[in-house]
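In what follows, a structure is listed as structure tokens, so that the remarks can point back to it.
The values are calculated or read from the model by the stated rules, or taken from the named source; none is laboratory data. Please read all numbers here as calculations on a predicted model, not as lab measurements. Glycine gets a Cβ as well: all are built from the backbone with ideal geometry, and neighbour counts include every protein chain shown. These accessible areas exclude ligands, DNA and RNA; they are computed on the full protein's heavy atoms, side chains included. Shrake-Rupley method; radii C 1.70, N 1.55, O 1.52, S 1.80 Å.
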Amino acid sequence: MDEKLIGELLVERKLVQTEDIDKALVLQASVGARLGSLLIRLGAISEDALLPVLACQLNLQQLSDSEQPELLATYHFMSKSNINFEWYLSQNVVIWPKTDQVILCIARDIIDPHLKEVMNFHFAQENIIYRLATSSQLDRLLDYLEKEHSVDSLLNGDGDARHLKELAEEAPVIELVNNVMAQAVDAGASDVHVEPQENTFAVRLRVDGVLQEQMTQPIERFAAVASRIKLTSGLDIAERRLPQDGRKTLRISGQEMDIRVSTAPGVHGESIVMRLLPKDRDDLSLENLGMESDHLALMYEWMSLSNGIVLVTGPTGSGKSTTLYSSLAATNDGFKKVITVEDPVEFQLNGITQIQAHADIGYTFARALRAILRQDPDVIMIGEIRDLETADIAIQSALTGHLVLSTLHTNDAISCFNRLTDMGVEPYLVAAPIKGVQAQRLVRRVCPSCCKSSEVPFDIVEEVKKLPQALVGKSWVEAVGCDRCSGTGYKGRIGIYEMIAVSEKMQNLIVASAPLNDLKHLAEQEGYRDLYQDGLIKASKGITTLDEVMRVAKGEH
């Protein structure tokens, strides 16, 4: 057993910060719970990170998968023991026989002296082995035991047990929700999905753009979990029939996080999605986005312009906002007035005026833009050009001496021009102010710990020969999977891009409403490469795999 305090061990291993311990100690003085439990409740650490340290400190083992009990047999064993079943439920204790003379025990507070006194008194002839269990393992067992006991109690005329247990579950629910959030941050997840089914609900994390199931829980716990999330997000707990949107700020695993919460009613209950947005983004610079040298130079050239429009396109979740914020950081030299209008404001940047649009009260992008133009801006960022009115104001702003950055929903860069004319903008007004358009997707980075060299098909080799050879590498790899990447073979994401600088020839084609193929042919003559080709360059350098590029971008080629 390690004689150091748990707080000292956690700080020593850099799992929490000293201020997290201080906050937990203040809370401990008022509520009296264990420090580790309070750190989870505060969101300072995940249970997965805490338990190995506790196991080392207490010289206890964690409950293994092979030791999981059979549910009905456990209920019968506990209900026939000399201890009152209500005591097990009130103390959050589960026991079951490992062998005839050995009993395994898990509990919410495994080092409670009262627990050991009771167990030693009633099981004096047996060897009691204590195990550390996760909250989800313990809650799954307790939920089952409570349900079985509730049925027995109702048959015996006692219907109060379930109600009393529900009242006692408030603290475990808080721990469960905050533990899920801490696990999500530790895993680098962008979203947390809470999805109710008929008998269970699942918690899934979107990591590197792919959903991974984190845990399942009995459906009986869903109402409490949903209520906890809605309560902390400023949503109406009683409203289950209409969608709701909320926001909250939490400190999780040592990071300040903005969390956007969305609920939508479903057949079995509300689907809840939480988008995790770190408040401090040190990586918001164009160099960190993964652009090749020619694309990076082009972006810096566009950001140095005194007027014009630069558009970033791509589907939801393709990293457009990150690119825009990085572009703003590149333009924000301290001598320019930079103003944004967004819905919602995703990241807060120093030295920039950020305005939140509220369409529900009539404060639309267009209305906010009119106000912005009276604020003497040099650079304007519009979250998205959604309609003709917003497009017209953006174009007029660019024509009157402002640099305008915005996003547009199109499949590729070249389609931007047709999209704007489809909105109702005159072709000559599309051609004049737009200086550059960019499309992007996100591909997963291959895990450097487990990837291995790979051969590529002959047709791919021939395609790569057509690309700028100064950018092409010779380090093709394929994904394998290991503990560091949770068996996926990938860890992190990087952008693939296509960029089109609007030349005089391109302007003439846009004014003439030329077909899309003519625009693309001219772009190719002027050095344009599409998402797939840029992805091949990334794959040739061993940054990602050919399979991942095919998955994300082949359909756009």
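Please go through the stretch 426-445 and give me each residue that is open to solvent by 10 Å² or more (accessible area, probe 1.4 Å) and under 28 Å from the mean Cα position of the chain (by Cα), ordered by number. Hits for the stretch 426-445 are Arg441, Leu442, Arg444, Arg445. Contact map, the stretch 1-29: first residue farther than 12 Å from Leu39 by Cβ, second residue open to solvent by 80 Å² or more (accessible area, probe 1.4 Å) and modelled with pLDDT of 85 or more, Cβ cut-off under 7 Å, separation 6 or more or different chains; pairs are Met1/Asn59. Restricted to helices (runs of 4 or more DSSP H) entirely inside the stretch 61-125, those with at least 2 residues that are free of Cβ contacts under 8 Å to residues at least 24 places away in the same chain are 71-79, 113-122.
Which ones in the stretch 198-207 are open to solvent by 30 Å² or more (accessible area, probe 1.4 Å) and either within 10 Å of the chain's Cα centre (by Cα) or not hydroxyl-bearing (Ser, Thr, Tyr) (or both)?
The answer is Glu198, Asn199, Arg204, Arg206.
Taking Lys248, is it within 30 Å of Tyr428 (Cα to Cα), surrounded by 14 or more Cβ atoms within 10 Å (Cβ to Cβ) and not aromatic (Phe, Trp, Tyr)? Here the answer is no, as Lys248 does not meet what is asked.
Against the criterion of being surrounded by fewer than 18 Cβ atoms within 10 Å (Cβ to Cβ), among the hydroxyl-bearing types (Ser, Thr, Tyr), farther than 20 Å from Pro278 by Cα and at pLDDT 80 or above, Thr216 qualifies.
Looking at Ile229, Ile272, just one residue is at pLDDT 85 or above and assigned to a helix (DSSP H, G or I), and that residue is Ile229.
Do you know which residues across the stretch 513-529 are of a type in the set (Gly, Ala, Ser) and not in a helix (DSSP H, G or I)?
As a first pass, look at the stretch 513-529 and keep what is of a type in the set (Gly, Ala, Ser): 513-514, 523, 527.
Ser513, Ala514, Gly527, listed by residue number.
Only one of the listed residues (Leu235, Leu242) is open to solvent by 70 Å² or more (accessible area, probe 1.4 Å), of a type in the set (A, V, I, L, M, F, W, C) and at pLDDT 80 or above. That residue is Leu242. Of the residues making up the stretch 259-269, those that are part of a strand (DSSP E or B) and either open to solvent by less than 10 Å² (accessible area, probe 1.4 Å) or β-branched (Val, Ile, Thr) (or both) are Ile259, Val261, Thr263.
Taking Ala33 as the residue in question, decide whether it is assigned to a helix (DSSP H, G or I) and either free of Cβ contacts under 8 Å to residues at least 24 places away in the same chain or not hydroxyl-bearing (Ser, Thr, Tyr) (or both).
In short, no.
Residues in the stretch 404-434 that are touching an Asp or Glu at 6+ places or on another chain (Cβ under 9 Å) and over 30 Å from Lys474 (Cβ atoms): Ser406, Thr407, Leu408, His409, Asn411, Ile414, Met423, Gly424, Val425, Leu429. In the set Ile510, Ile496, only one residue is among the β-branched types (Val, Ile, Thr) and either surrounded by fewer than 18 Cβ atoms within 10 Å (Cβ to Cβ) or assigned to a strand (DSSP E or B) (or both); that residue is Ile496.
Filtering Glu526, Glu478 for residues that are over 30 Å from Pro427 (Cβ atoms) and in contact with a strand residue (DSSP E or B) (Cβ under 8 Å, 6 or more places away or on another chain) leaves a single hit, Glu478. Arg419 satisfies every condition listed in (1) open to solvent by less than 70 Å² (accessible area, probe 1.4 Å); (2) within 32 Å of the chain's Cα centre (by Cα); (3) at pLDDT 90 or above; (4) closer than 30 Å to Tyr532 by Cα except (1).
Just to be sure before I move on: is Arg441 within 22 Å of Ile500 (Cβ to Cβ), touching a residue at least 12 places away in the same chain (Cβ under 8 Å) and not in a loop (DSSP other than H, G, I, E, B) in the structure I sent?
Answer is yes for this residue.
Summed over the stretch 201-226, the residues that are assigned to a strand (DSSP E or B) and closer than 30 Å to Arg551 by Cβ give a count of 14. Kindly indicate whether Val31 is open to solvent by less than 30 Å² (accessible area, probe 1.4 Å) and either touching a helix residue (DSSP H, G or I) at 6+ places or on another chain (Cβ under 9 Å) or not polar (S, T, N, Q) (or both). Spelling it out, it is not the case that Val31 is open to solvent by less than 30 Å² (accessible area, probe 1.4 Å) and either touching a helix residue (DSSP H, G or I) at 6+ places or on another chain (Cβ under 9 Å) or not polar (S, T, N, Q) (or both). Note on the stretch 456-474: residues that are open to solvent by less than 40 Å² (accessible area, probe 1.4 Å) and part of a loop (DSSP other than H, G, I, E, B) total 5. Just so you know, in the stretch 530-557 the residues that are small (Gly, Ala, Ser) and either in a helix (DSSP H, G or I) or at pLDDT below 90 (or both) include one that is most open to solvent (accessible area, probe 1.4 Å), and it is Gly555.
In the stretch 289-315, of all residues being on the phi > 0 side of the Ramachandran plot and under 27 Å from the mean Cα position of the chain (by Cα), the one that is surrounded by the most Cβ atoms within 10 Å (Cβ to Cβ) corresponds to Gly314. Of all the numbered requirements in (1) within 26 Å of Ile380 (Cβ to Cβ); (2) touching a residue at least 24 places away in the same chain (Cβ under 8 Å); (3) not aliphatic (A, V, I, L, M), Lys452 misses one, and that requirement is (1). Exactly one residue out of Thr18, Thr99 is surrounded by fewer than 20 Cβ atoms within 10 Å (Cβ to Cβ), within 30 Å of Glu256 (Cα to Cα) and out of contact with any Pro (no Cβ under 8 Å at 6 or more places or on another chain): that is Thr18.
Being buried (at least 20 other Cβ atoms within 10 Å of the Cβ), among the hydroxyl-bearing types (Ser, Thr, Tyr) and either under 30 Å from Met257 (Cβ atoms) or more than 31 Å from the chain's Cα centre (by Cα) (or both) narrows it down to one of Ser90, Ser81, Ser66, Ser46, so name that one.
After applying the criteria, what remains is Ser46.
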